[in-house]
Amino acid sequence: MKTEIKLIDYLSTRRSIPAFQMSEPGPSKNEVEEMLKLASRVPDHGKLAPWRFIVYRGEARRRLSEELARIAMGDKPDLAEDMVKVENTRLTRAPVVIAVVSRAAPHFKIPEWEQLMSAGAVCLNLVMAANAYGFASNWLSEWYAFDERAHGILGVNAGEKVAGFIHIGTPTVPPTERPRPELADIVTWIGDDA
């Protein structure tokens, strides 16, 4: 279900929907594949594709969430009941969760920083691709993005880093606006006509 909107209009109103405010239906396998093709169209100095995708769908999300919860509760045995519920639903909040995994590594020509930036660009493109298909999306990186014990559970290989988990589904609430920075606070002009 693609949406038709001018890019300038989309960018002026783009908002994330929290993952816990998404539900079924999620994108089909074919829609996910199309989103991933779009997400891959990012600046990639040296054509290295220094990133890859892991798609979590169906019942596997529940099993993986429970395994992540075991790690969290092992670290914090006195975890409050509401937080236990949060941990048990990490990957089940949205119908589809896609990990964008950075494979940045030393290269004779391409700095690792540029490779990492490319993975970040993939995350944003994936968010926008999901929106273009009419779905809500949210780019998250929570504790399990940085915990190597979780990496093995999630299919992340040694030496890789998670750039983000993109949650995709149907919104259950309309998007709301949030405060944005004033340009005067974030822009420095240098030049004669500044």
Taking the condition modelled with pLDDT under 95 and under 19 Å from residue 65 (Cα atoms), does residue 177 pass?
no
With respect to residue 15, is the statement that it is open to solvent by 40 Å² or more (accessible area, probe 1.4 Å) and within 30 Å of residue 176 (Cα to Cα) true?
yes
List the pairs whose first member sits in the range 122-146 and is over 23 Å from residue 65 (Cα atoms), whose second member is β-branched (Val, Ile, Thr) and in a loop (DSSP other than H, G, I, E, B), and whose Cβ atoms are under 8 Å apart, counting only residues at least 6 apart or on separate chains?
122/42; 125/42; 131/3; 132/3; 133/3; 134/3
Give the range 41-57 a look and list any residue that's modelled with pLDDT under 95 and open to solvent by 30 Å² or more (accessible area, probe 1.4 Å), or say none.
41, 43, 44, 45, 46, 47, 48, 49
In the set 67, 59, which member is charged (D, E, K, R), more than 20 Å from residue 162 (Cβ to Cβ) and out of contact with any strand residue (DSSP E or B) (no Cβ under 7 Å at 6 or more places or on another chain)?
59
I need the full set of residues from the range 147-194 which are among the hydrophobic types (A, V, I, L, M, F, W, C) and surrounded by 18 or more Cβ atoms within 10 Å (Cβ to Cβ), in order please.
150, 154, 156, 162, 163, 165, 166, 168
Do we have residue 138 as assigned to a helix (DSSP H, G or I), open to solvent by less than 70 Å² (accessible area, probe 1.4 Å) and not basic (Lys, Arg) here?
no
Filtered residues of the range 42-53 (kept if part of a loop (DSSP other than H, G, I, E, B) and touching a residue at least 60 places away in the same chain (Cβ under 8 Å))
42, 43, 44, 45, 46, 48, 50
Of the residues in the range 28-41, those that are more than 15 Å from the chain's Cα centre (by Cα) and assigned to a loop (DSSP other than H, G, I, E, B) come to 28, 41
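The values are calculated or read from the model by the stated rules, or taken from the named source; none is laboratory data. Note that the structure is a prediction, hence the values are computed from the model and not measured. Positions of Cβ are backbone-derived with ideal geometry, glycine not excepted, and every protein chain shown enters the neighbour counts. Surface accessibility is based on the protein's heavy atoms, side chains included, excluding ligands, DNA and RNA. Shrake-Rupley method; radii C 1.70, N 1.55, O 1.52, S 1.80 Å.
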